[in-house]
Amino acid sequence: MDDLVPPPRSGRCFRGTRRVRLADADPRQRLRLDALARLLQDLGNDDMADAGLDPSSPWVARRTVVEAPRWPRLGERLVLETWCGGFGPRWAERRTSVTAEGSDASVEVAALWVHLGLDDRPAPLPDDFVSTYGEATEGRTVSARLRHRAGPGPEAAARPWPLRSSDLDVLDHVNNAATWQAVEDELWRQGVVPARAELEYRDALDPGDDVVLQSEAGEREVRLWLTVADEVRASATVVPALG
C-alpha cells in the first residue's frame, strides 16, 4: 500500500473528469477528504459499469492512503485515472491519480476494498473481476493486515460523534466517506491541512452505535480513533502539510 504504484503498462485503466463543487470544499476552498472519497466511489462504480460488471456488488473499505502534494480547490476541473493495483484472496487495491487541469494540484490514493459474499462476509474475488483487472496488477499482491496502533492512550481527548441516517449506505453501515468526515472535523479543529492521511477499519460502524471520537496531536502526526464501548472500529493517522 505504501508503494502507490504508477499506472500499469498494460491492462485496464479507466478515466473520468469531475469538478470541485461548493459541497466538496472546506472554508479554505480545499477539496475535503470526505468529498474525495465520494468522488472516488463514484469513479469506481463508473469503472465497473463500463467494464460490464455489476457496480452494486458489495465491497467494504479496509484501508485508504491519501497523499496530496497540493490539494485541488473549488472550481478546478479534475482528471481522475483509476486502475487495480493488486489482488489478495478476498480483496483488491484500487489506485487512483487525481490531477487538476491548469494547476499543479494532485492527489494519489490507494484504497483496499474487501469483496463480500451473500452472507456479508469476505468472499473470493469473482472470476470476471479477476479477468477484467488482473492484467493491470502485473502480478502484484497486497495484504489486508492493519498497521495502526490498537487504540488511544490514556491522555487522548474524547468527545461523542453522533451518527446520522445520512451517514448510512445500502449495506446499513456508516459509509466510508462519512468516516472521513470525522477526520476532517478533527483536522479543522486543530487547524491542520493534511499532506498524507491513512484510514483503517477494524469493524463496521452500525446504526445505533454510541460512537466516541478520540484523538492525539503530536508534533509530526495527528491520530484519531472512532470507538464503540472502548472498541476501536476505525482509526486514522494524518501527517500535516508544511507551512
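Every number here is computed from the coordinates shown, using simple stated rules; none is lab data. These figures come from a predicted structure and were not determined experimentally. Note that we place each Cβ from the backbone using ideal geometry, even for glycine, and neighbour counts take in every protein chain shown.
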May I ask you to derive the relative contact order of the stretch 1-98, considering only C-alpha pairs under 8 Å and at least 6 residues apart, and to give it as an integer percent?
39 percent
For the ranges 97-104, 229-236, what's the packing order if you count other beta-carbon atoms within 10 Å of each residue, average per peptide, and put the highest first?
229-236, 97-104
So what's the back-of-envelope 222 nm ellipticity for the chain, counting only DSSP H runs of four-plus at -39500 (n - 2.57) apiece and dividing by all residues, rounded to 500?
-6000 deg cm²/dmol
Residue by residue, what Karplus-based ³J(HN,Hα) values in Hz, rounded to whole numbers, does the stretch 34-50 have, using 6.51, -1.76 and 1.60 with θ = phi - 60° and x for Gly and Pro?
5, 5, 4, 4, 5, 4, 6, 5, 5, 4, x, 5, 4, 4, 5, 5, 5
Report the label-to-label distance for residue 229 and residue 196 in nanometres (one decimal), using points 7 Å from each Cα along the Cα→Cβ vector.
3.6 nm
Computed over the chain, the relative contact order (Cα-Cα under 8 Å, seq sep at least six) in percent reads 20 percent
Correct choice for P(r) over Cα pairs in 5 Å bins from 0, in percent that was computed from the model, options (i) 1, 6, 14, 16, 16, 13, 10, 8, 7, 5, 2, 1, 0; (ii) 1, 7, 15, 20, 22, 19, 11, 4, 1, 0; (iii) 1, 6, 14, 18, 20, 17, 13, 7, 3, 0, 0:
(iii)
